[in-house]
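Here's the structure, in structure tokens; my notes come after.
No value in this document is a laboratory result; all are computed from the given coordinates. Note that this is a predicted model, so its numbers are computed, not measured. We place every Cβ from the backbone using ideal geometry, glycine too, and count neighbours over all the protein chains shown.
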Amino acid sequence: MTARLRVAGIVALVVLAAATLAAADVKVTTLVAGGRVYASFAVPSAYSSDARDVVKSGLPLSCVFTVELKRSTTLWFDRTIASATVMSSVKFDTLTGTYQVSKEQDDKVIWSDRTDQEDQMRTWLTAFDRVAIAARDPLEPNAEYYVQVRLHVTPRRTFSLWPPWGHDDGTGRADFTFIR
Amino acid sequence: MSTPAAPSEPRRRALDSPRALTVAVVALVAVLFGLVRVANRTTEVSPLLSDVVLYTLYAVDLAILAALLFVLARNLLKLWLDQRQAVPFARFRAKLVAALLLLTVIPAGLVLITGSEIISSSFDRWFSVPAEEVLDAAKNLAKASYDERQASAAEGAHRVAAAIPVDALGAGNVSDLQMILAGELTLMRATSVVGTVEVYQAVRAPGGEPDVALLVQVESASLSPNTVRAAADRLAARALSSGRDEPSSQDLDDGGALVRMATPIRAADGTAAGAVVVSEYVPAVVRTEQRKAMVAYDKYQQVKVLRGPLQGVYLAIYLMVALLILISATWFGLYMAKRIARPVQMLAEGARAIGAGRLDLRLEPETTDELGSLVESFNMMAAELRSSQDRLDLSRRELERKNHEVDGRRRYIETILERVATGVLSLDSAGAILTVNGAAERLLGLDQTVIGQPARTVLAREDLRPLLPLADVMRQPEAAGMVQEITLARDDREIHLAAAATVLAGDGGRVEGAVLVLDDVTPLIRTQRVAAWRDVARRLAHEIKNPLTPIQLSAERLRRHFQTAAPASRALVEECSDAIIVEVEALKTLVDEFAQFARMRGPRTVPSDLNRLVADTLRLYSGVLQQGRLRLDPQLTRELPPVRMDSEQMRQVIINLVDNAVEALGGAAAPDRPDGQPPTIVIATNHDSQSGVVRLVISDNGPGVPPADRDKLFMPYFSTKGRGSGLGLAIVRRIVSEHGGGIAVGAAQPGTVFTVELPAA
């Protein structure tokens with residue numbers, strides 16, 4: 001019985017580790033200017049071989065970044081102060097060999113460009129610069145905050161029984177102290 | 001044992017309705033169909049929707065699987081519990097369910113496994129190498145065609161850019177530029193290429209942003225007039241900005257396309273002073289085929305890329321269909337098992353309820369098929385049983401009433417038999433005693449323990465032996481009965497019985513038993529004897545008294561006549577005449593007593609105090625008994641109820657009995673008894689409230705009366721004293737009898753006891 005429990009525990013740890021490793025790390029940097037918080041983030045590893053296969057097949061690939069400004073709370077879930085959702089997508093034209101990349105924020109296209117350079121496309125696709133996070137209330141001076149970025153890439157080439165909602169393809173976090 | 005519960009009313013579930021089942025199945029199929037259609041479009045809808053569809057399918061699969069497991073677990077658990085609780089037909093239902101489940105689960109499982117393999121192999125076949133090679137070749141062809149056109153446009157652009165001197169980039173040199181471009185168009189025509197050539201000059205916008213200005217444009221005459229130049233302008237600006245070649249492609253409304261290449265015109269210092277855009281027209285037919293090839297390739301690649309999720313979708317759909325079939329089959333099997341078993345179970349429970357007496361039970365048929373007919377037949381049977389039961393109840397009540405009557409009559413007869421003075425014994429056909437009434441017990445000295453014993457054994461007792469022939473009455477051939485007068489000697493007394501034995505014959509003359517009837521005729525015989533003696537006494541009084549007076553007178557005349565005779569003769573005559581006269585006087589006295597016995601008047605009774613009468617009577621003896629040892633001992637009970645009696649006659653009774661006792665003790669001067677006790681006569685009175693009689697008991701401690709003489713004491717002319725008329729006790733008995741009482745004589749220790757019983761007033 002004890003041996004079985006031990007084996008089960010090891011399997012659970014391996015699965016957890018695999019799940020942790022599978023999620024890419026999002027590099028997040030924050031900038032506070034004019035009482036507002038801006039987040040820049042990049043996750044080049046999001047353009048994985050699976051993502052590349054999807055793009056090369058002509059399917060549009062989307063990277064949805066959920067950016068949340070949060071404040072830690074003891075003994076309870078961290079409080080979300082503000083959030084923003086941005087998405088970058090790419091579609092490859094097989095005939096011309098060009099990538100059409102676009103970026104959206106709040107369902108509005110904020111930027112679009114085309115390139116036949118894959119590296120360029122990867123940079124455009126996996127990086128955002130100075131995404132504004134609008135907090136409804138002013139931030140508390142000298143308080144600890146952090147910005148969390150979660151990435152969700154669609155479509156996936158793999159399938160697991162774990163629901164897609166709540167399963168991130170990458171996460172990152174940057175802590176900062178708001179100083180007025 | 002617990003009464004079986006009435007069969008529970010069948011629960012009408014919605015799913016028991018065929019209509020509801022049909023609606024549910026149609027709805028399920030519609031949902032399934034919709035899901036399949038959505039899943040088929042999974043590559044055309046947004047990726048999120050694909051995920052939603054996929055996970056929805058899996059969620060539905062899991063839900064159906066959970067429902068299937070629930071249905072199976074619930075029904076199997078219920079069957080197990082039913083078997084544990086020995087519910088009727090639980091084993092039958094379990095077998096039925098097991099058979100139906102095997103018939104559904106095994107094929108469904110086989111189809112599920114086979115189908116999964118088929119889907120997997122189908123996907124493998126979809127991505128076979130030949131198909132991929134064909135699509136790859138088509139894509140390469142289209143790509144090569146496009147790249148060739150792109151390379152041609154690039155070559156043209158480079159050629160034009162090289163041919164245009166930087167100085168010529170100005171509004172004043174348009175004609176020179178047109179000549180250069182005309183040469184390029186001529187070259188295009190030579191290679192059957194249709195297209196356009198634009199030359200742009202780099203300009204600076206007011207904000208400092210680099211921009212382009214079109215200097216000259218030439219195009220083939222056969223080019224569609226609907227081409228949009230704006231795309232070429234943007235491409236030129238892009239090349240100017242990037243400083244390198246910029247390719248582009250623009251689809252046209254006619255189905256064709258323009259393949260463009262922009263290249264910067266560089267000054268001597270390397271800066272871009274302008275740009276050349278060469279566009280070559282791709283005909284619609286070529287462009288369409290290129291697109292078809294690329295679309296087919298892309299579709300293939302997309303399906304290949306999404307092979308995993310797609311295979312999951314198909315497997316999920318197939319699994320859902322298989323599970324739906326499985327759960328439907330399972331459900332239907334369980335439903336059918338229930339539909340079959342429930343009426344049978346209802347019938348079994350109904351039969352148990354009817355067995356427990358619930359004949360008003362009616363089962364509700366759930367169907368109109370054969371099982372429904374069976375239930376209806378059961379209801380008819382129950383109704384018939386109820387009707388029969390009602391009739392039986394009526395008959396039973398009638399029988400009970402008759403039994404009650406018979407029982408009452410039996411008790412009435414038993415009461416009569418118990419009360420009558422006639423003894424009755426009933427025998428069964430084997431001669432065993434069935435009943436003995438109280439009179440028989442008293443007459444024969446029996447008790448209820450003789451019941452069941454053979455009559456011959458019981459009547460073989462010494463004192464009852466004369467009755468033995470009666471016990472054999474049933475053995476006599478063709479015996480209908482027997483009547484005998486029998487005298488039994490019991491308790492030193494003779495009992496005269498008029499005995500009759502009657503054989504009880506049943507149907508066909510079969511002997512079923514016998515009845516022995518015993519009448520105690522002792523008092524009757526005694527009365528007859530007394531009556532006879534009274535008659536004798538009357539005749540004696542009449543026949544003897546009449547000649548006595550002439551005899552006495554004749555004797556007296558003879559004595560007077562011989563007064564003068566010789567002394568010897570006179571003495572003889574006087575002696576003889578005196579003897580005659582004395583004896584005549586004695587005869588007269590005897591005759592008078594007989595006359596008195598014969599003509600004794602009836603008592604004139606009034607309620608009187610017996611104690612006072614006894615005390616008054618005993619007072620007469622006070623003077624007589626003073627000198628001797630004999631003494632009278634009155635023991636009179638107080639609170640004695642009055643007795644209706646003739647005091648004079650009862651006084652005579654007391655005197656007679658006391659005189660007899662005095663004489664038995666040897667007279668007033670009798671000495672002490674041999675045991676040293678003084679001669680004593682006890683006169684006692686008491687009251688028996690139960691029998692309602694007042695008793696007068698006179699006992700002495702004399703020598704007693706021999707048992708053989710006790711019954712004769714009360715007969716006239718019987719005396720143990722050797723003198724007297726012997727009528728004293730006969731008169732006593734007559735007086736007592738005429739007062740409604742009785743007298744009996746018994747033995748004391750020592751002595752004699754006379755007990756007189758008189759009814760209380």
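Per the Cauchy relation, a quarter of the hull surface: what is the mean projected area of the convex hull of the alpha carbons in segment B:354-425, in nm²? If you can, show how the numbers build up before the last one.
Values: hull surface 28.3 nm².
For segment B:354-425, averaging the hull's shadow over all directions gives 7.1 nm².
Note on chain B: semi-axes of the ellipsoid equivalent to its C-alpha gyration tensor, largest first and rounded to whole Å, are 165, 28, 19. Charge tally around B:Asp675: other residues with Cβ under 15 Å, Lys/Arg +1 each, Asp/Glu -1 each, net 0.
Summarising the overall dimensions of the protein assembly as shown from its C-alpha atoms, the Rg and Dmax are 74.1, 248 angstrom.
Here the residues B:Val653, B:Val29, A:Val67, ranked from fewest to most Cβ neighbours within 10 Å of their Cβ, fall in the order B:Val29, A:Val67, B:Val653.
Against chain B, whose longest principal axis comes from its Cα atoms, helix B:522-561 is set at around 10 degrees. Whole-percent P(r), segment B:420-520, all Cα pairs, 10 Å bins from 0: 17, 53, 26, 4, 0.
Peptide B:295-301 shows a mean partner chain C-beta count of 4 within 10 Å per residue C-beta. Calculated FRET efficiency, B:Leu103 to B:Arg510, Cβ-Cβ distance, R0 = 60 Å: about 0.30 to the nearest 0.05. Close Lys pairs in chain B (alpha-carbon distance under 28 Å; sequence gap of 8 or more, or different chains): 16. Averaged over peptide B:143-153, the number of partner chain Cβ atoms lying within 10 Å of each residue's Cβ comes to 1. Placing R0 at 45 angstrom, the Cβ-Cβ distance between B:Glu384 and B:Arg456 gives a FRET efficiency of 0.25 after rounding to 0.05. Near B:Val305, once Lys and Arg are set to +1 and Asp and Glu to -1 for all other residues with Cβ below 11 Å from its Cβ, the sum equals +4. By the count of other C-beta atoms within 10 Å, a proxy for reagent exposure, B:Arg266, B:Arg91 are ordered fewest to most as B:Arg91, B:Arg266. Taking 30 Å as the straight-line reach from the Cα of A:Lys70, the lysines in range (excluding those fewer than 8 positions away in the same chain) are A:Lys27, A:Lys103, A:Lys108. The gain in end-to-end length when the B:Ala131 to B:Arg475 segment is fully stretched comes to 111.5 nm, 0.36 nm per residue minus the alpha carbon separation. Using the alpha-carbon atoms, what tilt in degrees (0 to 90, nearest 10) does helix B:728-738 show relative to the longest principal axis of chain B? Taking the Cα atoms of chain B, the angle to B:728-738 is about 40 degrees.
Residue order for B:Val303, B:Val530, fewest other beta carbons within 10 angstrom first, comes to B:Val303, B:Val530. The length gained on full extension between B:Ala296 and B:Asp463, counted as 0.36 nm times the residue separation minus their Cα-Cα distance, comes to 46.3 nm. With angles folded into 0 to 90 degrees, how steeply does helix B:307-355 sit against the dominant principal axis of chain B? Use alpha carbons for both and round to 10. Computed tilt is about 10 degrees.
What the Kirkwood sum gives for segment B:146-294 is a hydrodynamic radius of 15.3 Å, with every pair of different alpha carbons counted. Other residues with beta-carbon under 9 Å from the beta-carbon of A:Trp111 carry, at +1 per Lys or Arg and -1 per Asp or Glu, a net charge of -1.
Under 5 Å from the amide H of A:Ile81 lie the amide H atoms of A:Leu69, A:Lys70, A:Arg71, each residue being 5 or more positions distant or on a separate chain, with H modelled from the backbone and absent for Pro and chain starts. Counting only other chain Cβ atoms within 10 Å of each residue's Cβ, the peptide B:306-312 averages 4. Run the helix sum for the protein assembly as shown: -39,500 (n - 2.57) per DSSP H stretch of 4+ residues, divided by residue count, reported at 222 nm to the nearest 500 deg cm²/dmol. Helix contribution divided over all residues of the protein assembly as shown: -17000 deg cm²/dmol.
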